[in-house]
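S.K.: Let me give you the structure first, and then I'll get to my questions.
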Amino acid sequence: MNVIDLRSIFFSPFSFSYLCAMAKQQQMSFMQHLDELRWRLVRIALAIIAVGIFIWFFQEWIMNHLFLSLKSKDFISFRLMCDYLGICVEDTPVKMQSMTMSGQFNYAMTMCIMGGLIVSSPYIFYQIWAFVKPGLKQHELKAARGLVFYVSLCFFCGILFGYFVVAPLTVQFFSSFQITKSIENNFTISSYMGTIISTVFYTGVLFLLPIASFILTKIGLIDASFLKKYRRHAIVVILILSAVITPPDILSQIVVSIPIIGLYETAILIAKRVSKKNEIES
């Protein structure tokens, strides 16, 4: 092709308008993605708000039966420990108080927002997946089938484990611990609620370890040999995390660390299976 032909292509009115149309189409595509992301974030926010409003009308029942009940010896986890393990506890002699004028209102709002986030988490995971899904290839879509269900399942299992195991042990330990009998344990509502909510939520996040292993192995960042190589390091990290989210006693750390170590071993099996499948497909 000679110079005249190149000029006719690049400088003709038709070619110039075509290039402008292509640029505009790409820009519109990018703007459409931003608009889709914006509306999915709006849907997520509306779901959290809707559940939060529902929780608001039952805040007293939720506070008494889901949060304050953790310091009672009649809590289901303590009853099971007493019946089957012979480890019985007493009601924790602790009083709750609010030190600021807006303290109870602020934590009522926190309870509603966190409750809305946890309850609507399957819908949130679906919205994230629906935004990412169009950019995946066919074999990637096939491999990720049921991902929203498994993410939600692992997250809720972690939430339940955190609420029925980790949180009661944490409340029982710190409520009953005293340097001397002359000092009473009068917890603020912010300290009490903050400890329970963070403990339960972070435990739910830790239970997503197998899902993270699946995704990272699928995209080639890790494999089973990598997880096996750093197993000892991972166990140390798990013990540290268990010490952070539980009371500083050996029993609580063991109770929390065992299922997390089990999740790590499950992550290794998942990575091994995904790696074999990737080799077959390649």
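S.K.: Tell me whether region 159-179 contains one or more residues that are modelled with pLDDT of 80 or more and assigned to a loop (DSSP other than H, G, I, E, B).
M.R.: yes
Residues are listed down the side, and each one gets a yes or a no for (1) closer than 29 Å to V256 by Cβ; (2) small (G, A, S); (3) within 18 Å of the chain's Cα centre (by Cα):
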| site | (1), (2), (3) |
| --- | --- |
| F125 | yes, no, yes |
| K137 | no, no, no |
| A144 | no, yes, no |
| S152 | yes, yes, yes |
| G158 | yes, yes, yes |
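S.K.: A follow-up question, please. If you check Y123 against the conditions, is it of a type in the set (F, W, Y) and surrounded by fewer than 20 Cβ atoms within 10 Å (Cβ to Cβ)?
M.R.: Numbers: of a type in the set (F, W, Y): yes; surrounded by fewer than 20 Cβ atoms within 10 Å (Cβ to Cβ): yes.
When the stated conditions are applied, Y123 passes them.
S.K.: Quick check on my filter: what residues within region 188-208 are out of contact with any Cys (no Cβ under 8 Å at 6 or more places or on another chain) and either of a type in the set (F, W, Y) or under 20 Å from I235 (Cβ atoms) (or both)?
M.R.: Y192, F201, Y202, T203, V205, L206
S.K.: Residue check: is S121 over 18 Å from G162 (Cα atoms), of a type in the set (S, T, Y), touching a Phe, Trp or Tyr at 6+ places or on another chain (Cβ under 9 Å) and touching a residue at least 24 places away in the same chain (Cβ under 8 Å)? Lay out the reasoning, then the answer.
M.R.: Working: over 18 Å from G162 (Cα atoms): no; of a type in the set (S, T, Y): yes; touching a Phe, Trp or Tyr at 6+ places or on another chain (Cβ under 9 Å): yes; touching a residue at least 24 places away in the same chain (Cβ under 8 Å): yes.
No, not satisfied.
S.K.: If you check every pair at least six apart or on different chains, which have Cβ atoms under 8 Å apart with a residue in region 164-188 that is under 27 Å from A108 (Cβ atoms) first and a residue that is of a type in the set (D, E, K, R) and crowded, with 18+ Cβ neighbours inside 10 Å second?
M.R.: V171/K71; Q172/K71; S175/K71
S.K.: Can S257 be described as over 30 Å from E279 (Cβ atoms), assigned to a helix (DSSP H, G or I) and in contact with a Leu (Cβ under 6 Å, 6 or more places away or on another chain)?
M.R.: On the way: over 30 Å from E279 (Cβ atoms): yes; assigned to a helix (DSSP H, G or I): yes; in contact with a Leu (Cβ under 6 Å, 6 or more places away or on another chain): yes.
Taking the combined requirement at face value, the residue satisfies it.
S.K.: Can you give me the number of residues within region 44-82 that are exposed (fewer than 15 other Cβ atoms within 10 Å of the Cβ), in contact (Cβ under 8 Å) with a residue 12 or more places away in the chain and basic (K, R)?
M.R.: 1
The values are calculated or read from the model by the stated rules, or taken from the named source; none is laboratory data. Nothing here was measured: the structure is a model prediction, and the numbers come from that model. As a convention, Cβ positions derive from the backbone with ideal geometry for all residues, glycine included, and neighbour counts pool all protein chains shown.
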